[in-house]
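Take a look at the structure set out below.
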Amino acid sequence: MSTKNVLHIKTSINGDASKSNQLSNSIIDKLKNTYSECAVETLDLSKNPLPFLTAEMYQAFSTPKDARSLTQLEVIQPSDMAIKQLKNADILVLAVPLYNFSIPANLKAWLDQIARANETFSYATGSPQGLLTGKKVYLAIASGGVYSEGMMKAYDFTENYLRTVLGFMGLTDVSTFRLEGIFVPNIGEQAVSKALETVEEFSF
């Protein structure tokens, strides 16, 4: 048993009614029961979204730290804060609803703010190297249809994309939980209980 710092990121526009939030909350509960001390910081991007990437931000990212202007320091403050939160976390729990076959725009904005050269990845060795190593990631993905298998699997651009971009930054230890088929007859009725049971049976 040990203390763990957990960053819980929510992205759904549906608040308490969100199935991805319900699934991620169950993961948080399981983590609290697993570790003697579990400090959870929650970031709800649907309520407090990070700004979309701009040319000014990108230029500030590319400017050496000691050469940044006051304006540049101000414009990258949201990015600096997001990276600090992530670096402080031992465990990342991402609640992700599938919107139009992909992730919510607010999550993409967060990823664009944290994916920064020499902060979360580096080309110092000549090839990309992730700098956020030694952390555990749990994905809680919810969808109206079934996308983890079958004919719709090719239309799912959530898990593969997230594993790719997170892995690029060194976050390669990823486990995925699915709450899917919510709107599918004969499947939706059991979707929530089936997903929560999967979390309960998982060895954290």
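The values are calculated or read from the model by the stated rules, or taken from the named source; none is laboratory data. All values derive from a computational prediction rather than experimental measurement. No Cβ is skipped: glycine too gets one built from the backbone with ideal geometry, and neighbour counts run over all protein chains shown. Note: areas computed on protein heavy atoms with side chains; ligands, DNA, RNA excluded. Shrake-Rupley method; radii C 1.70, N 1.55, O 1.52, S 1.80 Å.
Some notes on this structure:
- When segment 1-29 is filtered for residues that are buried (at least 18 other Cβ atoms within 10 Å of the Cβ), touching a Phe, Trp or Tyr at 6+ places or on another chain (Cβ under 7 Å) and farther than 21 Å from A82 by Cα, the ones remaining, listed by number, are L23, I27.
- The set of residues in segment 1-40 being of a type outside the set (V, I, T) and within 13 Å of the chain's Cα centre (by Cα) consists of L7, H8, K10, S12, S20, N21, S24.
- Scanning segment 176-204 for residues that are acidic (D, E), under 21 Å from the mean Cα position of the chain (by Cα) and open to solvent by 40 Å² or more (accessible area, probe 1.4 Å) gives a single hit, E200.
- Within segment 142-177, the set of residues being closer than 20 Å to D112 by Cα and touching a helix residue (DSSP H, G or I) at 6+ places or on another chain (Cβ under 6 Å) comprises V165, V174.
- Residues in segment 58-102 that are surrounded by 14 or more Cβ atoms within 10 Å (Cβ to Cβ), touching a residue at least 24 places away in the same chain (Cβ under 8 Å) and in a helix (DSSP H, G or I): F61, P78, S79, A82, I83, Q85, L86, K87.
- Qualifying residue in segment 154-167 (condition: among the polar types (S, T, N, Q), touching a residue at least 40 places away in the same chain (Cβ under 8 Å) and open to solvent by 10 Å² or more (accessible area, probe 1.4 Å)): no
- Residues of segment 131-152 that are surrounded by fewer than 19 Cβ atoms within 10 Å (Cβ to Cβ) and farther than 17 Å from F183 by Cβ: L131, T133, G134, K136.
- Looking only at segment 1-44, and only at residues there that are acidic (D, E) and in a helix (DSSP H, G or I), the one that is modelled with the highest pLDDT: D29
- The listed residues are D112, D173, and the only one of them that is open to solvent by 20 Å² or more (accessible area, probe 1.4 Å), touching a residue at least 24 places away in the same chain (Cβ under 8 Å), charged (D, E, K, R) and touching a Lys or Arg at 6+ places or on another chain (Cβ under 9 Å) turns out to be D173.
- Segment 118-130 - residue that is more than 17 Å from T164 (Cβ to Cβ) and of a type in the set (G, A, S) and, of those, least open to solvent (accessible area, probe 1.4 Å): S122
- If the condition is being on the phi < 0 side of the Ramachandran plot and free of Cβ contacts under 8 Å to residues at least 40 places away in the same chain, then segment 120-144 contributes S122, Y123, A124, T125, S127, L131, T133.
- Residue match in segment 56-77 (condition: touching a Lys or Arg at 6+ places or on another chain (Cβ under 7 Å) and within 30 Å of G144 (Cα to Cα)): no
- Of all residues in segment 158-204, those that are assigned to a helix (DSSP H, G or I) and within 15 Å of K19 (Cα to Cα) total 12.
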